[in-house]
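The values are calculated or read from the model by the stated rules, or taken from the named source; none is laboratory data. On a predicted model such as this, the values are computed, not experimentally measured, just so you know. Don't worry about glycine lacking a Cβ; one is built from the backbone with ideal geometry, like all the others, and counts go over all protein chains shown.
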Amino acid sequence: MSEFPRHQASLEALRKRGRYRALAPRAGHDFASNDYLGLASGDLLKAAAIEAIARGVPVGAGGSRLLRGNDSEHELLEREAAEFFGTEAALFMGGGFNANQAIFSSLPQQGDLVLHDALIHASAHDGMRLGRAENRSFAHNDVAEAAAQITAWRSVGGTGRVWIAVEAIYSMDGDIAPIAELAALAQAEDAVLVVDEAHATGLFGDQGRGLAHEIASRTNVISLHTCGKALGVSGALICGAEVLIETLINRARGFIFATAPSPLNAALVRAALKDLASNPARRAQAWERVDLAHAEAKRLCGLEGFSSQILPVIIGEDPLCMEVASALQGLGYDIRGVRPPTVPRGTARLRISVTGRLEHAVVTEMFENLARELEVLA
Ligand SMILES: Cc1ncc(COP(=O)(O)O)c(C=O)c1O
């Protein structure tokens, strides 16, 4: 009998519902990672690591940024990121999850409203839970509903600031937020627009600066650029007005009470940002593969309507989805099934992501195999 019967029972319950998760080794052609530009294990970052170590950049920070852990590499990265993403200031955090927690737990104040897209990432939810502001959701990508919610909130006495939280590209749906309309709503309502660019950074916007890059310099816009996806490293850059960045440094518990990210990581992110600015060919190659994937998904599987490098193929029931994923894995393709609670109930899906490193023939063959698997289900 287990020493932890309640934990055991809860794991059993997950198994019964087809929701048990286990770690699996990396295997097969990569249709699962967020390494969209192929930087994570490429030569550019290896060379940057060797160069940074040679010039004395420390591997470990040794403390919190507010104590001994602040390194010149963090500060250089933050200056360069603010310039590249077009904001007054930037703050480097250990990851996007921590960054979202920091933003939503410490920037919205008591009496404010956080109005978030229904599909916003778990990390934003956790941040809201820790914060003092009220929160409400609006239907996915529905700007008219967001506007109506603000009016409704004001009509029942809401007087504080509204913070509108969205993702630029939704991580499990791959669709695009209506940034221009959301920005107009934020202007009209004197609201702050928080755009999580996690899956847009590096691929979307001029030089890969994200979907909100044209409005990022506004003081009522915060953009979050995670560094573990297209940038190939880890960490996250919160970019926005100086006063908000200073507030995070003074109020965000996940920043204050945590060891600083590795200065070596900061050096690598600097190298990745320089590459974005100077090497459009890398982005073009990724887009060429993404366009091929869209075309083959339509030609071979009759699937269409995709807008980005993330192609969700909705299967429906959890066990069925995992069966299809495992069949494709057996054929040599690393494709993962994503189940509730990550996605809404009844919409378990294959989350196919396309990176610039995939060979053309592999993309085509994968969709041929997917077509066969989907035919069996039909
Ligand atoms: C939209 C979004 N925001 C934030 C995160 C968290 O970022 P990180 O992986 O850097 O912690 C993720 C990661 O899955 C994400 O998809």
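If you filter region 178-207 down to residues that are outside any strand (DSSP E or B) and within 11 Å of the ligand (Cβ to nearest atom), you find that the one that is nearest to ALA32 (Cα to Cα) is HIS199.
Counting only strands (runs of 3 or more DSSP E) that sit completely within region 75-151, those holding 3 or more residues that are under 28 Å from ALA230 (Cα atoms) correspond to 89-93, 113-117. Condition test on GLY305, is it at positive phi and either buried (at least 16 other Cβ atoms within 10 Å of the Cβ) or free of Cβ contacts under 8 Å to residues at least 24 places away in the same chain (or both)? In short, yes.
The condition (being crowded, with 22+ Cβ neighbours inside 10 Å and either under 23 Å from ILE310 (Cβ atoms) or assigned by TED's automatic domain parsing to the domain that holds VAL162 (or both)) is satisfied by just one residue among ALA216, ALA191: ALA216.
Does ASP126 satisfy the criteria of being in the same structural domain as ALA61 (by TED's automatic domain parsing), within 15 Å of the ligand (Cβ to nearest atom) and touching a strand residue (DSSP E or B) at 6+ places or on another chain (Cβ under 6 Å)?
Working: in the same structural domain as ALA61 (by TED's automatic domain parsing): yes; within 15 Å of the ligand (Cβ to nearest atom): yes; touching a strand residue (DSSP E or B) at 6+ places or on another chain (Cβ under 6 Å): no.
No, not satisfied.
For GLY111, state whether it is on the phi > 0 side of the Ramachandran plot and at pLDDT 95 or above. Against the criterion (on the phi > 0 side of the Ramachandran plot and at pLDDT 95 or above), GLY111 qualifies.
Specify the residue that is nearest to the ligand (Cβ to nearest atom); the eligible residues are those in region 224-236 that are part of a loop (DSSP other than H, G, I, E, B) and closer than 16 Å to TYR36 by Cβ.
We begin by selecting, within region 224-236, every residue part of a loop (DSSP other than H, G, I, E, B); these are 227-235.
From the residues that got through so far, the ones that are closer than 16 Å to TYR36 by Cβ too are 227-234.
Numbers: CYS227: 7, GLY228: 4, LYS229: 7, ALA230: 11, LEU231: 10, GLY232: 12, VAL233: 10, SER234: 6 Å.
Selected residue: GLY228.
Of all residues in region 58-84, those satisfying the criterion of being more than 16 Å from the ligand (Cβ to nearest atom), crowded, with 17+ Cβ neighbours inside 10 Å and among the hydrophobic types (A, V, I, L, M, F, W, C) are ALA61, ALA82, PHE84.
Using the structure shown, decide if LEU119 is without any contact (Cβ under 8 Å) to a residue 60 or more places away in the chain and within 16 Å of the ligand (Cβ to nearest atom). Criteria met by LEU119. Within region 196-213, restricting attention to residues that are farther than 21 Å from ASN141 by Cβ and in contact with a Gly (Cβ under 9 Å, 6 or more places away or on another chain), the residue that is surrounded by the fewest Cβ atoms within 10 Å (Cβ to Cβ) is ARG209.
Please go through region 247-300 and pick out each residue that is in contact with a strand residue (DSSP E or B) (Cβ under 8 Å, 6 or more places away or on another chain) and assigned to a helix (DSSP H, G or I).
LEU248, ILE249, GLY254, PHE255, ILE256, ALA266, VAL269, ALA293, HIS294, ALA297
Across region 120-138, the number of residues qualifying as within 21 Å of LEU185 (Cβ to Cβ) and among the hydroxyl-bearing types (Ser, Thr, Tyr) comes to 1.
In region 157-171, the residue that is surrounded by the most Cβ atoms within 10 Å (Cβ to Cβ) out of those that are more than 8 Å from the ligand (Cβ to nearest atom) and part of a loop (DSSP other than H, G, I, E, B) is ALA168.
Going through (1) farther than 17 Å from GLU78 by Cβ; (2) within 16 Å of the ligand (Cβ to nearest atom) one by one, VAL221 falls short only on (2).
Residue check: GLY210 meets all listed conditions (1) over 20 Å from ILE103 (Cβ atoms); (2) not in a helix (DSSP H, G or I) but one, namely (1).
Is there a residue in region 319-331 that is in contact (Cβ under 8 Å) with a residue 60 or more places away in the chain and acidic (Asp, Glu)? So far as region 319-331 goes, no, none of its residues is in contact (Cβ under 8 Å) with a residue 60 or more places away in the chain and acidic (Asp, Glu).
For ASN141, the criteria (1) among the polar types (S, T, N, Q); (2) closer than 25 Å to ILE314 by Cα; (3) in contact (Cβ under 8 Å) with a residue 60 or more places away in the chain; (4) more than 14 Å from the ligand (Cβ to nearest atom) hold in every case but one, which is (3).
Against the list (1) more than 13 Å from the ligand (Cβ to nearest atom); (2) not in a strand (DSSP E or B), the condition CYS239 fails is (2). Taken over region 301-341, residues that are within 16 Å of VAL376 (Cβ to Cβ), part of a loop (DSSP other than H, G, I, E, B) and modelled with pLDDT of 95 or more amount to 4.
Beta carbons closer than 6 Å, at least 6 apart along the sequence or on distinct chains, pair a first residue in region 269-295 that is buried (at least 16 other Cβ atoms within 10 Å of the Cβ) with a second that is in a helix (DSSP H, G or I) and among the polar types (S, T, N, Q) for LEU276/GLN207.
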